[in-house]
Every structure is written in C-alpha cells, then in structure tokens.
Amino acid sequence: MENSSEQMDCGVVQHHGLAAVLAAAYAPHPERFPRGPPKPHTLPNAVWINDPARLSTSQRTAR
C-alpha cells in the first residue's frame, strides 16, 4: 500500500502501524489478553478545538 501525504497528515499510517504493534504484542503472549487480541480505537471523523456545534449563538455571531 502506498501512503499518500494526506494519509500521513491525518495519522492513518500511524494508526495502521499501531495495529501491527498490538498484534506483535499479542502473538507471543495471548494469555495476557483475556478479552482477545487488542485492537486500536477507531479514528474520529472530525476533531475540533472549539466544536462549532457546541458554541453558543452569541459566540457564533461574534466571529
């Protein structure tokens, strides 16, 4: 799989790398993982510092 700069910018490549690390940790010692093989959390669709959906009306009009 070729990695585009967009994928690298949003962390997709690192996320897939984490899955490989978790699988490598599970393989030699599955007994340490009573709930089965570990999986990385899903990536969020959007990330906000100040979520516009949660701003009050007065804060939206001030911008």
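The values are calculated or read from the model by the stated rules, or taken from the named source; none is laboratory data. Keep in mind the model is a prediction, meaning the values are calculated, not measured. Only protein heavy atoms, including side chains, enter the accessible area calculation; ligands, DNA and RNA are left aside. Shrake-Rupley method; radii C 1.70, N 1.55, O 1.52, S 1.80 Å.
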Problem - L55 accessible area, 1.4 Å probe, all protein chains in place, Å² to nearest 10 - result: 30 Å²
Practice task
Compare H15, H41, H29 by solvent-accessible area with a 1.4 Å probe and give them largest first, with all protein chains kept in place.
Solution key: H41, H29, H15
Practice task
Convert each backbone phi in the range 24-35 into a coupling constant with the Karplus relation 6.51 cos²θ - 1.76 cosθ + 1.60 (shift: θ = phi - 60°), then list the ³J(HN,Hα) values in order as whole Hz, x for Gly and Pro.
Solution key: 5, 6, 6, 3, x, 9, x, 5, 7, 10, x, 9
